Amino acid sequence: MKNIVLIGFMGTGKTSVGRRLACRLKCEFIDTDAEIERLMGKTVTQIFARDGVVRFRSEEELLVKRLAGREDLVIATGGGLVLNPANLRLLKENGVLVALTASPEVIYYRVRSKKSRPLLLHKDMKSKLTELLQERENVYKAAEITLDTGACSIEGAVEQINRYLLERKYIL
Ligand code: S3P
């Protein structure tokens, strides 16, 4: 099986949907943020604070190089990972890109009390979030299928992705 790669903004449900999808497809699940945290022995917030965003992005790039050479994975990517065209190209080569979206209101509701997303730790989180969303919208269009997770449950999203993969014969 080609890798199934979930892309999309923070708070669109990539990790939750990805984990369940991997269960359903009986394959390994990799969350790029969790993997980088494991490799560096620090949380994403600590990496941003101590090493900087450039270091975090270079860890993402290294990880993508390793993952793109594998198959049978469900990969949930960090929201900014596909801003790097090289990452997008590599993931696309051997994977099916699935974008998850949600409205700014839904995303805000999901992330507002979490402290784990350094880019959103802003005094006006809502405007920051809207600004970043606008900047990135086009990048997430690189996916071949897009699902609005504000309009369905996690199980519902998994079901739709599974149906799409079957229809396109990405899975049997
Ligand atoms: C980021 C998204 C985060 C994490 C980091 C940067 C981004 O991942 O990689 O905080 O640039 O959008 P999630 O999308 O899993 O929250």
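The values are calculated or read from the model by the stated rules, or taken from the named source; none is laboratory data. A quick note: this is a predicted structure, and the numbers were derived from the prediction, not measured. Note that each Cβ is placed from the backbone with ideal geometry, even for glycine, and that neighbours are counted across all protein chains shown. Heads up: the accessible areas ignore ligands, DNA and RNA and are worked out on the full protein's heavy atoms, side chains in. Shrake-Rupley method; radii C 1.70, N 1.55, O 1.52, S 1.80 Å.
Against the numbered list (1) farther than 17 Å from Ile4 by Cβ; (2) more than 12 Å from the ligand (Cβ to nearest atom); (3) out of contact with any Lys or Arg (no Cβ under 9 Å at 6 or more places or on another chain), Asp51 comes up short only at (3). Of note, Glu59 satisfies the criterion of being farther than 26 Å from Val158 by Cβ, touching a Leu at 6+ places or on another chain (Cβ under 8 Å) and open to solvent by less than 50 Å² (accessible area, probe 1.4 Å).
Looking across the range 49-64, just one residue is under 15 Å from Leu83 (Cβ atoms) and more than 18 Å from the chain's Cα centre (by Cα), and that is Val54.
Residues in the range 62-92 that are open to solvent by 80 Å² or more (accessible area, probe 1.4 Å) and either within 12 Å of the ligand (Cβ to nearest atom) or in contact with a Gly (Cβ under 9 Å, 6 or more places away or on another chain) (or both): Glu71 alone. Among the residues making up the range 154-167, those that are in contact (Cβ under 8 Å) with a residue 12 or more places away in the chain, open to solvent by less than 80 Å² (accessible area, probe 1.4 Å) and of a type outside the set (Ser, Thr, Tyr) are Ile154, Ala157, Val158, Gln160, Ile161, Asn162, Leu165. The set of residues in the range 1-45 that are open to solvent by 10 Å² or more (accessible area, probe 1.4 Å), within 12 Å of the ligand (Cβ to nearest atom) and in contact with an Asp or Glu (Cβ under 7 Å, 6 or more places away or on another chain) comprises Thr15, Thr43, Val44.
Applying the criterion of being more than 15 Å from the ligand (Cβ to nearest atom) and either basic (Lys, Arg) or part of a helix (DSSP H, G or I) (or both) to the residues of the range 111-153, the residue that is surrounded by the most Cβ atoms within 10 Å (Cβ to Cβ) is Lys126.
Every condition in (1) open to solvent by less than 50 Å² (accessible area, probe 1.4 Å); (2) of a type in the set (A, V, I, L, M, F, W, C); (3) modelled with pLDDT of 95 or more holds for Val53 except the one numbered (1).
Yes/no per residue for (1) farther than 28 Å from Val96 by Cβ; (2) not polar (S, T, N, Q):
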| residue | (1), (2) |
| --- | --- |
| Ala34 | no, yes |
| Arg38 | no, yes |
| Ala49 | yes, yes |
| Gly52 | yes, yes |
| Arg55 | yes, yes |
| Ser58 | no, no |
| Ala68 | no, yes |
